[in-house]
Amino acid sequence: MTTPPKARRDNNHEGKPGPVVLDAISKRIIEELQADGRKPYAAIGKAVGLSEAAVRQRVQRLLDAGVMQIVAVTDPLTLGFPRQAMIGIKCEGDLETVADKLSSIEEIDYVVLTAGSLDIMVEVVCEGDNHLLEILGKIRAIPTVRATETFVYLKLRKQTYSWGTR
């Protein structure tokens, strides 16, 4: 008897990889890790009805498939990065090319193509205002960038990564 895959990808209509299809147990494992990313596999196994080894294998498959990452989320303020900002970018030409160039800038930790008045949004974490100006200079030096609008964070009220698996 073969074991069905725990995480598999469906192909979309263009033949590109689609979303990963998860079974109920894999979803519960993800939810356990979203609640506590350091929770031991044995404790997760107890919660979902699997052995520690089975949980370890499923987590590895989820990591390999790019479904999730297990990382330490830090507070930039405590690490000497008092300036955070979201930068909206208007550009011409191929947005994917611009997004790739933006992704190569070390200080940019988030790049998303958007609909609306801005084409791309990026998030930066900076050592201060001068550092933010340096990053803006790097962004504006990309030939097809036409304008930027900077949204400086004054106070973070909520940050969560626990949207579940639906």
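How high is the FRET efficiency between residue 42 and residue 70 when r is their beta carbon distance and R₀ equals 25 Å, given to the nearest 0.05? Result of the calculation: an efficiency of 0.95. Taken about its Cα centre, the chain carries a charge dipole of roughly 800 debye when the Cβ of each Lys and Arg holds +1 and the Cβ of each Asp and Glu holds -1. Shape call for the chain from the C-alpha gyration tensor, a ≥ b ≥ c root eigenvalues: rounded (a/c under 1.5), prolate (a/b greater than b/c) or oblate? Since a/c reaches 1.5 but b/c is at least a/b, the shape of the chain is classed as oblate. Rounded, prolate or oblate: which fits the stretch 42-85 when a ≥ b ≥ c are the square roots of the eigenvalues of the alpha-carbon gyration tensor, with rounded for a/c under 1.5 and prolate only if a/b beats b/c? Cα axes put the stretch 42-85 in the prolate bin. Just check the stretch 24-65 against the gyration tensor rule for me: Cα atoms, a ≥ b ≥ c as the square roots of the eigenvalues, rounded for a/c under 1.5, and otherwise prolate or oblate depending on whether a/b exceeds b/c. In terms of gyration-tensor shape, rounded. Accessible surface computed residue by residue for the chain, with neighbouring protein chains in place and a 1.4 Å probe, gives 67 Å² per residue. Modelled spin labels at residue 24 and residue 95, positioned 7 Å past Cα toward Cβ, are 3.9 nm from each other. Give the carbon-plus-sulfur fraction of the accessible surface of the chain in %, rounded to a whole number; probe 1.4 Å, heavy atoms of protein chains only. That share works out to 52 percent. Please identify which residues in the stretch 57-93 have an amide N closer than 14 Å to a label point set 7 Å out from the Cα of residue 146, following the Cα→Cβ vector. Zone members listed by number: 89-93.
Taking 12 Å as the straight-line reach from the Cα of residue 90, the aspartates and glutamates in range (excluding those fewer than 8 positions away in the same chain) are 119, 149. Comparing Cα centroids, the stretch 113-153 and the stretch 43-64 end up 40 angstrom apart.
When +1 charges are put on Lys and Arg Cβ atoms and -1 charges on Asp and Glu Cβ atoms, the dipole computed for the stretch 88-162 relative to its Cα centre reaches about 320 debye. Using the Kyte-Doolittle scale, which helices in the chain average at least -0.5 and also have C-alpha atoms spread 15 Å or more along the helix axis, with helices defined as whole DSSP H runs? Span-like helices, by this rule, are 24-35, 129-140.
The values are calculated or read from the model by the stated rules, or taken from the named source; none is laboratory data. From a predicted model like this one, the values you see are computed outputs, not experimental measurements. Backbone-built Cβ (ideal geometry, glycine too); neighbour counts: all protein chains shown. Side chains included, ligands, DNA and RNA excluded: accessible areas come from the protein's heavy atoms. Shrake-Rupley method; radii C 1.70, N 1.55, O 1.52, S 1.80 Å.
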